[in-house]
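K.L.:
What follows is a structure written as structure tokens; I'll ask about it next.
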Amino acid sequence: MKIENIKTPNDVLEFMKENIKYGWLDINNNEHIGNMKGFRKLYRTSSIEEILQHKIGTCIEQVYLMKNLLDILNIKNKMYCTRIYESNDFNKLDEDEHMHCFILYYQNDKVYQIEHPNWERIGIYEFESEEEAINNINNYYINMSGGISRPVTEFYEVEPNISFKEFNNYINSLDNDRKYVKNI
């Protein structure tokens with residue numbers, strides 16, 4: 001499927017399934033597919049053009065690409081990040097990262113999530129409200145992280161060529177948009 005053939009949110013998901021794998025580019029422009037080794041030290045965010053050229057992206061890039069595709073269709077959408085909170089001075093570069101970005105879109109008085117980066121949950125999920133969607137999605141990741149509380153923060157852009165730490169600090173800067181969600 002090509003971008004010009006995308007007409008619906010289902011097409012967005014099909015485009016992602018056919019064209020984008022989970023992976024990332026590092027600071028040396030090397031591709032990493034299927035592993036997160038060195039992620040905190042080497043990761044940099046990719047531009048939309050790089051995502052499409054290399055056909056890879058982490059949840060950060062994939063959500064940003066889906067946002068752009070939904071924008072082309074004039075479908076209202078919002079990007080969110082759920083993570084185990086890390087302060088701006090967190091500097092343990094050998095630690096695993098505990099972040100997941102997701103996108104919600106709004107159509108016919110319903111809220112939907114398109115999930116592609118998490119290969120265990122690929123699909124489109126329907127919710128009655130934004131609150132239900134955020135709680136449901138966040139609780140999935142709270143359970144995956146052993147019950148550790150996770151803030152959910154709406155974010156608005158993905159600047160290319162920034163590190164994971166810089167992206168985390170950007171999310172931290174959006175404190176007014178942070179939504180703490182309780183484990184249901």
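K.L.:
With the condition being of a type in the set (Ser, Thr, Tyr) and under 13 Å from the mean Cα position of the chain (by Cα), I'd like the strands (runs of 3 or more DSSP E) fully within the range 71-148 carrying at least 2 qualifying residues.
P.N.:
Values: elements: 77-83, 99-107, 110-115, 123-127.
Qualifying strands (runs of 3 or more DSSP E): 77-83.
K.L.:
If Glu120 satisfies all but one of (1) of a type in the set (D, E, K, R); (2) more than 18 Å from Tyr22 (Cα to Cα); (3) modelled with pLDDT of 90 or more, what's the number of the condition it fails?
P.N.:
For Glu120, the failing item is (2).
K.L.:
List every residue pair whose Cβ atoms lie under 8 Å apart, where the two residues are 6 or more positions apart in sequence or sit on different chains, the first residue falls within the range 121-147 and is at positive phi, and the second residue, located anywhere, is loosely packed, with under 13 Cβ neighbours inside 10 Å.
P.N.:
Cβ pairs passing all conditions: Gly147/Asn183.
K.L.:
Let me ask another. Would you pick out the residues in the range 143-163 that are farther than 20 Å from Tyr43 by Cα, surrounded by fewer than 17 Cβ atoms within 10 Å (Cβ to Cβ) and β-branched (Val, Ile, Thr)?
P.N.:
Result: Ile148, single match.
K.L.:
What number of residues within the range 7-37 satisfy the criterion of being of a type outside the set (Val, Ile, Thr) and not in a loop (DSSP other than H, G, I, E, B)?
P.N.:
Total meeting the criteria: 18.
K.L.:
So which residues in the range 95-153 are out of contact with any strand residue (DSSP E or B) (no Cβ under 9 Å at 6 or more places or on another chain) and among the charged types (D, E, K, R), if there are any at all?
P.N.:
Result: Glu95, Asp96, Asp109, Glu120.
K.L.:
Give all pairs with beta carbons closer than 6 Å in which a residue from the range 61-86 that is within 26 Å of Ile33 (Cα to Cα) meets a residue that is among the basic types (Lys, Arg) and modelled with pLDDT of 95 or more; count only pairs at least 6 apart in sequence or on separate chains.
P.N.:
Met79/Lys67
K.L.:
A further question follows. I'd like to know if the range 5-12 contains one or more residues that are under 13 Å from the mean Cα position of the chain (by Cα) and within 25 Å of Glu128 (Cα to Cα).
P.N.:
Initially, the range 5-12 is screened for residues under 13 Å from the mean Cα position of the chain (by Cα), giving none.
Within the range 5-12, not a single residue is under 13 Å from the mean Cα position of the chain (by Cα) and within 25 Å of Glu128 (Cα to Cα).
K.L.:
Does Asn168 satisfy the criteria of being in contact (Cβ under 8 Å) with a residue 60 or more places away in the chain, closer than 24 Å to Ile51 by Cβ, in contact with a strand residue (DSSP E or B) (Cβ under 8 Å, 6 or more places away or on another chain) and not in a strand (DSSP E or B)? Can you show your working first?
P.N.:
Numbers: in contact (Cβ under 8 Å) with a residue 60 or more places away in the chain: yes; closer than 24 Å to Ile51 by Cβ: yes; in contact with a strand residue (DSSP E or B) (Cβ under 8 Å, 6 or more places away or on another chain): yes; not in a strand (DSSP E or B): yes.
It is true that Asn168 is in contact (Cβ under 8 Å) with a residue 60 or more places away in the chain, closer than 24 Å to Ile51 by Cβ, in contact with a strand residue (DSSP E or B) (Cβ under 8 Å, 6 or more places away or on another chain) and not in a strand (DSSP E or B).
K.L.:
Determine if the range 59-68 includes at least one residue that is out of contact with any Leu (no Cβ under 8 Å at 6 or more places or on another chain) and more than 29 Å from Val111 (Cα to Cα). Let's see the steps before the verdict.
P.N.:
Just the residues of the range 59-68 that are out of contact with any Leu (no Cβ under 8 Å at 6 or more places or on another chain), to begin with: 59-64, 66-68.
With the extra rule that they be more than 29 Å from Val111 (Cα to Cα), the set shrinks to none.
No: the range 59-68 contains no residue that is out of contact with any Leu (no Cβ under 8 Å at 6 or more places or on another chain) and more than 29 Å from Val111 (Cα to Cα).
K.L.:
A follow-up question, please. Given the condition under 23 Å from Phe39 (Cα atoms), of a type in the set (Phe, Trp, Tyr) and touching a residue at least 24 places away in the same chain (Cβ under 8 Å), answer yes or no: does some residue in the range 108-116 qualify? Break it down stepwise before answering.
P.N.:
Initially, the range 108-116 is screened for residues under 23 Å from Phe39 (Cα atoms), giving 115-116.
Subsequent filtering for residues that are of a type in the set (Phe, Trp, Tyr) retains none.
Within the range 108-116, not a single residue is under 23 Å from Phe39 (Cα atoms), of a type in the set (Phe, Trp, Tyr) and touching a residue at least 24 places away in the same chain (Cβ under 8 Å).
K.L.:
Let me ask another. Within the range 1-26, can you find the residues that are out of contact with any strand residue (DSSP E or B) (no Cβ under 7 Å at 6 or more places or on another chain) and either without any contact (Cβ under 8 Å) to a residue 24 or more places away in the chain or of a type in the set (Gly, Ala, Ser) (or both)?
P.N.:
Once the filter is applied, which keeps residues that are out of contact with any strand residue (DSSP E or B) (no Cβ under 7 Å at 6 or more places or on another chain) and either without any contact (Cβ under 8 Å) to a residue 24 or more places away in the chain or of a type in the set (Gly, Ala, Ser) (or both), the range 1-26 yields Met1, Lys2, Glu4, Asn5, Asp11, Glu14, Glu18.
K.L.:
Also, I was wondering about something else. When you look at Glu4, is it exposed (fewer than 14 other Cβ atoms within 10 Å of the Cβ) and not in a loop (DSSP other than H, G, I, E, B), yes or no? Don't jump to the end; show me each part of the working.
P.N.:
Numbers: exposed (fewer than 14 other Cβ atoms within 10 Å of the Cβ): yes; not in a loop (DSSP other than H, G, I, E, B): yes.
Yes; evaluated as a whole, the condition is true for this residue.
Condition check ((1) under 15 Å from Gln62 (Cβ atoms); (2) at pLDDT 95 or above; (3) not β-branched (Val, Ile, Thr)) across all residues:
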{"position": "Asp11", "(1), (2), (3)": "no, yes, yes"}
{"position": "Glu14", "(1), (2), (3)": "yes, yes, yes"}
{"position": "Lys21", "(1), (2), (3)": "yes, yes, yes"}
{"position": "Leu25", "(1), (2), (3)": "yes, yes, yes"}
{"position": "His32", "(1), (2), (3)": "yes, yes, yes"}
{"position": "Lys37", "(1), (2), (3)": "no, no, yes"}
{"position": "Thr45", "(1), (2), (3)": "yes, yes, no"}
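The values are calculated or read from the model by the stated rules, or taken from the named source; none is laboratory data. Computed from a prediction, not measured in an experiment: that's the story for all the values here. Because the Cβ atoms are built from the backbone with ideal geometry, glycine has one as well, and the counts that use them run over all protein chains shown.
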